[in-house]
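Working notes, structure below.
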Amino acid sequence: MKRVFLFVLDSCGCGEAPDAHAFGDYNVNTLRSCATSDKLHVPNMVSYGLGNIDTVDYLGKAEHQKGACARLQEASMGKDTTIGHWEIAGIISPNPLPTYPNGFPEEILKPFREATGRGVLANAPWSGTEVIAKYGEEHMKTGDLIVYTSADSVFQIAAHEDIVPPEQLYEYCRIARKLLVGKHGVGRVIARPFVGTNKDDFKRTTNRHDFSLLPPKKTMLDYIREAGQETIGVGKIYDIFAGQGVSEQIKSKGNRNGMEITLDLARRDFKGLAFVNLVDFDMLYGHRNDIDGYANATAEFDDQLAELLPLLREDDLLIITADHGCDPGTPSTDHSREYVPMIAYGAHVRQGVDLGTRPTFADIAATVTEYLCVEAEVAGTSFLSEISK
C-alpha cells in the first residue's frame, strides 16, 4: 500500500533564482538567512541531503547522505503560494496572477459595496497587523470593511468578529470571489477576522479562510483521486486548490499541529497522497522579518521529522520542498523569487543521490504520480528512476 507524504515548508527558498531581478528581488536566500541564527539546528534534514543541494554550502554536508536531494527552479511566472503549489502539483502558469500595488479599481469595489451593503476602508497594499491598527477602530464605528492587498495576488477583507461574525465575513469573501474573475482573477480572497477593543490590542484570530481561484486544469490531486486513491490535504492545501481533487480536508492550527496531524496519518492505513502545507514559516516569520523565529520553526520541524521517520513504512515516500521564498533577512516583507530545496527519503530511495538543479517544481508531480502508478498528464519529468534502488 503505497503512501506519499509531501511537505511544503511554505516560503523556505534556498537562493536567488536566475530571473529574481525581474521580480524585484536581489540577494535573497531564505534558508541562508536562517543559517545566520544560532537557533537553526536541522540534523535530520541535513542527513537526508539538505546541505548537499547546489549552493547550500552553509549547513554542512552529509558524508553519508541518507536520501536524494535537488534544487528546483520555478518555471511559472510568480512567487506566491497559489502558483507555487499549482506547479508542485503539475501546472506551469505562464502568466502571473494580477496584483494591485495601487489598490483595487472601482469596477471591482463598486459592485462589491453594492452586494455587501458596506463601505470599504484602506484599499491599498498593507501589512495585515498594521492595517487593522490603522483602520480597526473606524471599522468598528462604521461597519465598513477593511479591504487590502499585498505584493501577492490577494484580495483580503479584515473585520472584527463582533461587528462581522466570521460566517458573514466568509459570505462577503464569496461575493468578492465571484467578482474577481477574468483579468481580475486574483489567486486568493482571504477572510481576516480580528478581535480586540482598540488599536493597541487588536489581534487576528485563527478563523482566517482562503477562497482560491480554481486551478485552470487537472493537477496530480485530480488524477490520484480519480484513480481511487486518497488525497489528504493538511493545512492550507484544500484552500489553495479550492477543494479541487482533495478527498479529505484536515485543517491545522500552525506548524506543530500540522505535524501532529501528519504523525497520526502515518499511523493510519491509506493509499495515496498526504499533502501537507506548513504555513507558519511564511505567515509568522518570513513576512515579519523574524530570522530567529523562522530558524526556530525550521528546527522544530526537524525535531518532529525525527518522530515521523520511524513511522514510515517500507512502501512510503517522503518528499520535503517549498513553494517560493520569503527571506526574513532582507528589508522587504514580501515573497522572494528563489530556488527551492527538495529532499526525498524512503526505504526504496537510493542514498547519496544528487539530482542537481531541475527546471520546474512540477517534477515532483510527475514523480509522485508515477510512484503511485497513476497515469497523469502533468507538467514536469519524473525523477523516480533516478532515486529508486
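What are the pairs, 6+ residues apart or on separate chains, where a residue within segment 303-326 that is open to solvent by 10 Å² or more (accessible area, probe 1.4 Å) has its Cβ under 6 Å from a residue that is of a type outside the set (A, V, I, L, M, F, W, C) and modelled with pLDDT of 95 or more? From residues that are open to solvent by 10 Å² or more (accessible area, probe 1.4 Å), the pairs are A306/N44; D315/K2. Quick one: in segment 358-389, which of the residues that are among the β-branched types (V, I, T) and not in a loop (DSSP other than H, G, I, E, B) is nearest to E74 (Cα to Cα)? Among residues in segment 358-389 that are among the β-branched types (V, I, T) and not in a loop (DSSP other than H, G, I, E, B), the one nearest to E74 (Cα to Cα) is I364. Selection of segment 288-298 for residues being closer than 16 Å to K39 by Cα and surrounded by fewer than 19 Cβ atoms within 10 Å (Cβ to Cβ) yields N289, D290, D292, N296.
On inspection, G78 fails the criterion of being at pLDDT 95 or above and within 15 Å of the chain's Cα centre (by Cα).
Select from segment 161-200 the residues that are acidic (D, E) and open to solvent by less than 70 Å² (accessible area, probe 1.4 Å) and list them in ascending order. E161, the sole residue that qualifies.
Given the criteria in contact (Cβ under 8 Å) with a residue 60 or more places away in the chain, open to solvent by less than 30 Å² (accessible area, probe 1.4 Å) and within 20 Å of the chain's Cα centre (by Cα), does G136 qualify? The answer is no for G136. On the given criteria, is K61 closer than 19 Å to L355 by Cβ, touching a residue at least 60 places away in the same chain (Cβ under 8 Å) and either small (G, A, S) or part of a loop (DSSP other than H, G, I, E, B) (or both)? No; evaluated as a whole, the condition is false for this residue. Residues that are assigned to a loop (DSSP other than H, G, I, E, B), open to solvent by 40 Å² or more (accessible area, probe 1.4 Å) and more than 20 Å from T205 (Cβ to Cβ) within segment 243-270 comprise Q244, S247, R267, R268, D269, listed in sequence order.
Restricting to segment 15-34, give me the number of residues that are small (G, A, S) and under 12 Å from T55 (Cβ atoms).
Final tally of qualifying residues: 2.
Considering the conditions (1) part of a loop (DSSP other than H, G, I, E, B); (2) at pLDDT 95 or above; (3) surrounded by 19 or more Cβ atoms within 10 Å (Cβ to Cβ), L355 is excluded by exactly one of them, (1). Among the conditions (1) under 15 Å from V42 (Cα atoms); (2) modelled with pLDDT under 95, the only one that M283 does not satisfy is (1). Reported count of residues in segment 202-226, each being buried (at least 21 other Cβ atoms within 10 Å of the Cβ), farther than 17 Å from D363 by Cα and of a type in the set (V, I, T), is 0.
Note on segment 19-54: residues that are under 26 Å from D152 (Cβ atoms), of a type in the set (V, I, T) and without any contact (Cβ under 8 Å) to a residue 60 or more places away in the chain amount to 0. Does D323 count as in a loop (DSSP other than H, G, I, E, B) and closer than 20 Å to Q73 by Cα? Against the criterion (in a loop (DSSP other than H, G, I, E, B) and closer than 20 Å to Q73 by Cα), D323 qualifies.
Taking the residues in segment 333-352 that are open to solvent by 40 Å² or more (accessible area, probe 1.4 Å) and hydroxyl-bearing (S, T, Y) as candidates, determine which candidate is modelled with the lowest pLDDT. Among them, the one singled out is T333.
When P105 is tested against the conditions (1) more than 28 Å from the chain's Cα centre (by Cα); (2) loosely packed, with under 14 Cβ neighbours inside 10 Å, the lone failure is (1).
The values are calculated or read from the model by the stated rules, or taken from the named source; none is laboratory data. Note that the coordinates shown come from a computational prediction; the quantities given were computed from them, not determined experimentally. Here Cβ is always computed from backbone atoms with ideal geometry, including for glycine, and neighbour counts include all displayed protein chains. Note: accessible area is taken over every heavy atom of the protein model, side chains too, but ligands, DNA and RNA are not part of it. Shrake-Rupley method; radii C 1.70, N 1.55, O 1.52, S 1.80 Å.
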